[in-house]
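Peer 1: I have a structure I would like to understand better, so I am pasting it below and will then ask my questions one at a time.
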Amino acid sequence: MFAFDSVDDRLCVQEEILLLENAPFPKNYTQDGLFCIYFDNYNKRNYYNIPSLITDTTTFENYVNKYAGYTYATEQTGQSTINNFYKVGDPVYIVYQSLATGFLGLPSSLTSTGCSNSPVAYLKDETSSCVRQFTTLNQTTCESTTSFSAPSYYTGFRVVTTPYLFTYIVNGTVITTTTQSTTVTTTTPSPPVSTDNSTAAVTVPTTTTGAATTTTDTNITTTVTIVTTEPPTTVAPFEIDLYNNTYTIDIGLSTVQCRDSTGNNITCNFPTGSVPAPTYNTSTATCQNVVTQVEYEITHDGTNGISTADVKFVLQDITTSNLPLSQTFTSKFTGVNDVNVTERSGNPGYIVGKPVRAGIRYINESFGNRMIIVENGYDLSLVKSSATGTCLTDAGNRVQVNFGQEMRSGCLIRFNLDTVTVAEYCNAMQQAINIALEGSSDYVNVEPIKNRYVATFGNSEPEQTGDWVPILQFPAGTTTSSQSLDGPSCQLSMGMHIQIVYSNLGSKANPQAKILGVGFIYDQLQTITYTCSGSTCQPGNANVDQSFEISQSVSFVDVSAPATGAVGDAPIFIAKVPNDFFYPFGTGAGSSIRLATPYLFCIALFTVIVNTLFV
């Protein structure tokens, strides 16, 4: 019997006819695969090439010039549905005392700077800022505006720990399945019992219920219990309040800070566990205790839901000059079992949307003068404007740079010529611009042992300084000053662009993003003239403020080297013949082959004759 085995001819297996018989001898087929091709056997083509880190400006510019490109796309959000448990990104639900339901709010700016009521997303740490559009400030506005009042952010409602609440309780009743037991009692007469031969008898009643049967000389007792299961239905054995139950919790008050006139946060002198509502001071036209920052700290237990919720506030006294008012809102989630957790941005590669980790490199004398990275002292961030457009220079009011998210921001810096010379004026302007753009005074006062670094991976350890790259500086040039008829002029750099060069590593199926280098590229110098204009600008009024706009942006440059295949060398065919292959024209001598001289002479003579006859 014969069987044909059809094999893909592209593989290194030859099609063969296999003879099948009942012989005891095995059959072995061998072939060296000389003329077959192994395809997809170059594993490196499925992985990114490993690039070198950027340590100088020339290499940085080579990468940027070759790969740079910019796109600005808006973030898209999808609709979420109610589940029996919270999932990542689901809105956190709340229940009001009126039994109305809603979302725990995290106001943010969408199409404009105004505040929109966005919900807190479960297990997503977010920070947003928006502007309350008010132009006048009076007692009604101060004390009646809900967004100004701290109690409105944590009282009057309870947080839903799990959405199962809405399945468990419907219209104040519990959804359950019940059973009913019915006992049927039947009384039948027993046979007459007579004590004599008379026909008169005493009748003894018999109770029958069917579960047990007892027989005596005088009666029979039977008990029957019928159990009926009702179909699933809604019953109300007791009323349950949608507001007060085990699936809702109150928000606790964590800390309250007050911002003074210099912009610093200090401890408020409020009674423990309370925060007052705003009050209006008519003598100073000041609205006191207005909310400027809200931070929700939520402890979770995974799919089991929310365990605790707390809130922090920063309050400030405002006047009409502070309007419109800018507010910042933050939500943070931590696990119930998390202890000393350090936030990372990926494992190991960066995840899109996670913060780009940055820090200051110090010499730690307590660890043998070893270099370490301290992340608490520096963040990679962009400048942010206040509600009036001025630049916010403190670290808490900047926009965090997140991996893969390109953005642009700007603000106004105000200066005047009061008590300074033109040269001092220009130097002061450039210094203020640098501090506003970089978010640190390191650029101006550089310390030898203090440098800014960025983590190459999302999980880089601070002790491993080799996994961090320095931030490179691309200054525009030297600031110069001059005097003209229009006023003092300065050559200043009014903006900065942050370029982050990264590459994907590892398998294409699961690439890991690694930052190779970061550069601060300042705009080219431009002429800025302090021009005093308007009716109030008279000779000697050098203290009139003038606004200048600065801008900042960040972009990400992907320099991933494409995976390339490799072609192997052509196979070498080594022919081997037996020693007697040329017999009888040659004779074997040991391992060598020697042709006989007479036979060679005959062959040569035969060749000459043939050529003579046919030529």
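The values are calculated or read from the model by the stated rules, or taken from the named source; none is laboratory data. None of these values were measured; they are calculated from a predicted model. A quick note on method: Cβ atoms are made from the backbone with ideal geometry, for glycine too, and the neighbour counts reach across all protein chains shown.
Peer 1: Do you know which residues across segment 384-414 are over 20 Å from Q430 (Cβ atoms), at pLDDT below 80 and touching a strand residue (DSSP E or B) at 6+ places or on another chain (Cβ under 7 Å)?
Peer 2: S386, A387, N397
Peer 1: Would a scan of segment 153-168 turn up a residue that is at pLDDT below 90 and among the charged types (D, E, K, R)?
Peer 2: The answer is no, given that none of the residues of segment 153-168 is at pLDDT below 90 and among the charged types (D, E, K, R).
Peer 1: If V446 satisfies all but one of (1) touching a Leu at 6+ places or on another chain (Cβ under 8 Å); (2) at pLDDT below 80, what's the number of the condition it fails?
Peer 2: Of everything listed in (1) touching a Leu at 6+ places or on another chain (Cβ under 8 Å); (2) at pLDDT below 80, V446 misses just condition (1).
Peer 1: What is the one condition in (1) within 25 Å of N376 (Cβ to Cβ); (2) free of Cβ contacts under 8 Å to residues at least 40 places away in the same chain; (3) more than 23 Å from the chain's Cα centre (by Cα) that N337 does not satisfy?
Peer 2: With (1) within 25 Å of N376 (Cβ to Cβ); (2) free of Cβ contacts under 8 Å to residues at least 40 places away in the same chain; (3) more than 23 Å from the chain's Cα centre (by Cα) applied to N337, the lone miss is (3).
Peer 1: Regarding R370, is this residue surrounded by fewer than 18 Cβ atoms within 10 Å (Cβ to Cβ), at pLDDT 85 or above and within 23 Å of V454 (Cβ to Cβ)?
Peer 2: no
Peer 1: Now for a separate question. In segment 324-354, what residues are of a type in the set (A, V, I, L, M) and surrounded by fewer than 19 Cβ atoms within 10 Å (Cβ to Cβ)?
Peer 2: V336, V339, V341, I351, V352
Peer 1: Show the residue pairs that are 6+ apart or on different chains and have beta-carbon atoms under 8 Å apart, the first residue being within segment 43-54 and touching a residue at least 12 places away in the same chain (Cβ under 8 Å) and closer than 16 Å to Y502 by Cβ, the second being aromatic (F, W, Y) and surrounded by 13 or more Cβ atoms within 10 Å (Cβ to Cβ).
Peer 2: I54/F60; I54/Y63
Peer 1: Of all the residues that make up segment 247-272, how many are touching a Leu at 6+ places or on another chain (Cβ under 6 Å) and either closer than 20 Å to L104 by Cα or exposed (fewer than 13 other Cβ atoms within 10 Å of the Cβ) (or both)?
Peer 2: Matching residues across segment 247-272 total 1.
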